[in-house]
Amino acid sequence: MAVQYQYHPDHLTKSEPLKYTSDELKVGEMILNIGPQHPSTHGVLRLEVITDGEVIRDVVSHMGYLHRCFEKHAEALPYNQIIPYVDRMDYMAAMNSEHAYAMGVERMLGISDKIPKRVEYIRVLVAELNRIASHFVAIGTYGLDIGAVTPFLWMMRDREHLMRLLEWVCGARMLYNYIWIGGLFYDLPVGFEERCTDFINYLKPKLTHLENLLISNKIFIDRTAKVGTLDLDLAINYGITGPMLRGSGLRFDLRKVDGYSVYPELEFNVPIGEGKMGEVGDCWDRTWVRMQECHESVKIIEQCLRQLSSDHKRTRSFDPREVVPKKIRPKAQDFYVRAENPKGELGYFFRADGRSEIPFRCKARACSFVNLSVLPEISRGHLLADLIAIVGSLDLVMGEVDR
Amino acid sequence: MTFEDIKALLSDQFPDFITGEDPESTPAALLVKSDRIRTICQWLRDHEQLHFDMLSCLTGIDNGEDTNTMELVYNLYSIPFDHHLMLKTQVDRNKPHLPSVTSVWQTANWHEREAFDLLGIKFSGHPDLRRILLPDDWEGHPLRKDYKHQEYYHGVKVEY
């Protein structure tokens, strides 16, 4: 049998050394280690916190515990076989990641205007369903972090319906491989439109209930308002995107700005943080923006369902794999594509060499990775208990941070 | 503002720093000198008409032993004016070294640490250039084309 792991006391300090040494600390300061297996870090994030009593002086993030070499794998796999790896980056919103990836490769091949409208509407439909599921996890676990157990259970109950719907569509609960380059794995199952409409009618009052239960709860407001305020200038300088940037008061949504897929044909609003409970850009604003986005996603889903059962109805001859290319060989070029994920701007940089079906380089610009980098700036000077509230409000998925 | 306008503005200001262009890439790209990247980026961010206030992505690429170069690709975006620009720059593969743009955009901090971690590119003036995804005592830089992983890591066989 192969030797497994030979313990040596040096291993931890050598592989993940602290940034600060005890000589650098001032009188009264200490180093506190949180994670990597702490439940409130939402995965395997390790935080090195410099505290003075209970006041945070600095936070250093150590990550890489979930590094699965996405970019190295992508250098050895054909474009279509990378999609399952893309799923596993942001596993809370795999449909959105697939959508962005497929869109990028289609634009490189020059087939993006040949994609049937029905396919585009189905893509947007499943992506928005997944967006709600992702926001539910974000808000639910955020409540759990700061002591509210009931909203988490309510949200997991409703997310379960979403998971079942997506499972019905493609056979998997979280990691779908449903959106293919040039089309879809299958058409929607028969009866999906009706079942999904039923679910949306069920969900709409539930969203209001959840809002009343958690977002406008006095204890929740006390824990999150005026905590971790992120200024807009700082947010842009750090490249923050998604609900975090909108929470800081900028109406910036790539679905509107870039208008990709069928989003220009759909009506929805972009909610922004207004500082209703404290300051613009605090933890409460970010959570409120996520909650409002669930309402907007419901609007988009309703419009998609209407289109899918009228103008772009299912027909016997419809083949979602009609324009799926047999060989995916883009011409030599550098290409950057971006799309709005539940957590922010998800970008892919491709370099195609024009000779093979394998990308020469495929880099993922992960939104959680960039959003996490602002953590020290917004947590300095707060109390240690607020750090948990701040980390939760970033909505991290470590699979995407570490890739 | 189109790519041509941006190019004209930039070549008026820095006639010697631009080495070429690549209109085939999306967004269209300018090739610039690597040792001037910080000056160019600072100017692009502060210019009134350009105002590239966001660094979307920073990618390091190893071109392999044949060309003996490494490339850095900067994807810039201007939120108020909605224009894009790609900057590309080449460094020597044996001594990959160029100025950091962290003082221009804080986003670059972690992106540059990642490029250092996975490709071994060094950024001068970076405040905190440590490995970010891999452990500190990992040997080599995996995204280099000639990378061979170590046989054992802390007594665990790396090959599986």
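Every number here is computed from the coordinates shown, using simple stated rules; none is lab data. Only a predicted model underlies this, so the values are computations on that prediction, with no experimental measurement involved. Counting neighbours? That spans all protein chains shown, and the Cβs are built from the backbone with ideal geometry, glycine included.
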* Structure fact -> Quick shape check on the protein assembly as shown: root eigenvalues a ≥ b ≥ c of the Cα gyration tensor, a/c under 1.5 is rounded, otherwise prolate if a/b tops b/c, else oblate, and it reads rounded
* Across peptide B:106-113, what mean number of C-beta atoms from other chains lies inside 10 Å of a residue's C-beta? -> 5
* **Net length gained if the chain between residue A:150 and residue A:68 were fully extended (0.36 nm per residue, minus Cα distance)** => 26.1 nm
* Say a paramagnetic label sat at a point 7 Å from the Cα of residue A:172, along Cα to Cβ; which residues of the stretch A:179-201 have their backbone N under 17 Å from it? -> A:179-187
* To do: Compute the relative contact order of the stretch A:18-104 as a whole-number percentage, counting only Cα pairs closer than 8 Å that sit 6 or more residues apart in sequence.
  => 16
* Asked: Just counting partner chain Cβ atoms within 10 Å, what average do the residues of peptide A:327-333 show around their Cβ?
  -> 1
* Asked: Quick one: Karplus J couplings for the stretch B:100-116, per residue in order, coefficients 6.51, -1.76, 1.60, θ = phi - 60°, nearest Hz, x for Gly and Pro?
  -> 7, 9, 4, 6, 8, 10, 5, 3, 4, 3, 6, 5, 6, 4, 5, 5, 5
* **Hz values of 3J(HN,Hα) by residue in the stretch A:142-150 - Karplus curve (6.51, -1.76, 1.60), Gly and Pro given as x** => 5, x, 4, 4, 9, x, 9, 8, 4
* Structure fact -> Taking placed amide H atoms and a strict 5 Å upper bound, the residues 5 or more places from residue B:69 or on another chain that come that close are B:63, B:64, B:93
* Structure fact -> CD proxy, 222 nm, chain A: helix-only mean residue ellipticity via -39,500 (n - 2.57) per DSSP H run with n ≥ 4, per residue, nearest 500, stands at -13000 deg cm²/dmol
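Need one word for the stretch A:168-265: rounded, prolate or oblate. Basis is the Cα gyration tensor (sqrt eigenvalues a ≥ b ≥ c); a/c below 1.5 gives rounded, then a/b vs b/c decides. Please list the in-between numbers first.
Numbers: a/c = 2.55, a/b = 1.41, b/c = 1.81.
The shape class here is oblate.
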* Structure fact -> Counting only DSSP loop positions in the stretch A:210-268, the trypsin sites (Lys or Arg not before Pro) whose Cβ has at most 16 other Cβ atoms within 10 Å are A:226, A:251
* Structure fact -> With Cα coordinates, the longest principal axis of chain B makes an angle with the long axis of helix B:3-13, in degrees rounded to 10, of 90
* Share, in percent, of DSSP beta bridges within chain B that are antiparallel, nearest 5 -> 75
* Before anything else, pin down the relative contact order of the stretch A:304-399: Cα pairs under 8 Å, at least 6 apart, normalised by residue count, whole percent. => 18
* Structure fact -> Shape call for the stretch A:297-403, from the Cα gyration tensor axes a ≥ b ≥ c (a/c under 1.5 means rounded, otherwise prolate when a/b beats b/c, else oblate), comes out oblate
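Which whole-number percentage describes the relative contact order of chain A, with Cα contacts under 8 Å and a sequence gap of 6 or more? Could the numbers behind the result be given before it?
Working: 719 pairs, mean separation 98.6, N = 403.
Relative contact order, chain A: 24 percent.
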* Mind giving me the nanometre distance, one decimal, between the label points for residue A:233 and residue B:139, set 7 Å out from Cα along Cα→Cβ? => 4.9
* **For the stretch A:216-243 and the stretch A:1-37, distance of Cα centres in Å** => 31
* Shielding by partners, peptide A:357-369 (average Cβ within 10 angstrom, other chains) -> 3
* Convert each backbone phi in the stretch B:22-32 into a coupling constant with the Karplus relation 6.51 cos²θ - 1.76 cosθ + 1.60 (shift: θ = phi - 60°), then list the ³J(HN,Hα) values in order as whole Hz, x for Gly and Pro. => 9, x, 6, 7, 10, x, 4, 10, 10, 9, 10
